Amino acid sequence: ETVRQEAVQKEKRGDMIFLEFHRALHARNIIPAMKLYEQLHQNYPDIRLAENDQLFFIQLLMEKEYPREAAAAMKEYLELYTAKATLVRLKLAKLYIDQARPRAAIKVLARIDQPTLDQRQRILFRKLLEIAKTSQGTDTYELVGDD
């Protein structure tokens, strides 16, 4: 009985943290949202954001200039969802280019199904790929393994 009560209490705490995160996210309070998101991941790994919340969180992280956290949230999106995967991959590739990580950008771009791109996306894809390939030769620092 005590184990069951502890499990119920833990679930309630998880629900409360999720609600607090959701409030902070939609109030655009990025610092509390990031802390609560981290708490959720550490203590409640089964709790997942809805796709739109994940996309909004990525957008907010980018706007508030938290690129490392944005990249992690984008990679999580790509593990969980497919609807906007192409757009997320294009943003992630751009982020990696901005961070002087052309090899990581090329790996992300390689996962995009090019025939499905619309004209605007195709132009952006080519531009990002060209920038990444050009800067790849000058890259002396990048660690391989992130994508």
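The values are calculated or read from the model by the stated rules, or taken from the named source; none is laboratory data. Just so it is clear, the structure is predicted and the values come from calculations on it, not from any experiment. Backbone-built Cβ (ideal geometry, glycine too); neighbour counts: all protein chains shown.
Observations, loosely collected:
- The set of residues in the stretch 60-79 that are outside any helix (DSSP H, G or I) and either under 14 Å from Lys35 (Cβ atoms) or polar (S, T, N, Q) (or both) comprises Lys64, Tyr66.
Rundown of residues vs (1) surrounded by 15 or more Cβ atoms within 10 Å (Cβ to Cβ); (2) of a type outside the set (Gly, Ala, Ser); (3) modelled with pLDDT under 95, yes/no style:
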position	(1), (2), (3)
Gln9	no, yes, yes
Lys12	no, yes, yes
Ala33	yes, no, no
Phe57	yes, yes, no
Leu60	yes, yes, no
Tyr77	yes, yes, no
Thr82	no, yes, yes
Leu95	yes, yes, no
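- Within the stretch 35-55, the set of residues being surrounded by 13 or more Cβ atoms within 10 Å (Cβ to Cβ), among the hydrophobic types (A, V, I, L, M, F, W, C) and over 9 Å from the mean Cα position of the chain (by Cα) comprises Leu36, Leu40, Ile47, Leu49.
- Restricting attention to the stretch 23-79, the residues being of a type in the set (Gly, Ala, Ser) and under 21 Å from Arg111 (Cβ atoms) number 4.
Conditions (1) charged (D, E, K, R); (2) at pLDDT 95 or above; (3) within 30 Å of Arg13 (Cα to Cα); (4) touching a helix residue (DSSP H, G or I) at 6+ places or on another chain (Cβ under 7 Å), marked per residue:
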{"site": "Leu49", "(1), (2), (3), (4)": "no, no, yes, yes"}
{"site": "Asn52", "(1), (2), (3), (4)": "no, yes, yes, no"}
{"site": "Ala71", "(1), (2), (3), (4)": "no, yes, yes, yes"}
{"site": "Ala85", "(1), (2), (3), (4)": "no, yes, no, yes"}
{"site": "Leu92", "(1), (2), (3), (4)": "no, yes, no, yes"}
{"site": "Ala110", "(1), (2), (3), (4)": "no, yes, no, no"}
{"site": "Gly137", "(1), (2), (3), (4)": "no, no, no, no"}
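- Only listed residue being of a type in the set (A, V, I, L, M), touching a residue at least 24 places away in the same chain (Cβ under 8 Å) and at positive phi, chosen from Ala104, Ala70, Ala100: Ala100
- Residues of the stretch 98-111 that are more than 13 Å from Pro67 (Cβ to Cβ), more than 16 Å from the chain's Cα centre (by Cα) and either small (Gly, Ala, Ser) or not in a helix (DSSP H, G or I) (or both): Ala110 alone.
- Restricting the stretch 79-97 to residues that are more than 18 Å from Met62 (Cα to Cα) and without any contact (Cβ under 8 Å) to a residue 12 or more places away in the chain, the residue that is nearest to the chain's Cα centre (by Cα): Glu79
- The single condition from (1) within 27 Å of Ala105 (Cβ to Cβ); (2) surrounded by fewer than 16 Cβ atoms within 10 Å (Cβ to Cβ); (3) among the β-branched types (Val, Ile, Thr) that Thr2 fails is (1).
- Selection from the stretch 10-44 of residues that are under 25 Å from Lys91 (Cα atoms) and not in a helix (DSSP H, G or I): Ala27, Arg28, Asn29
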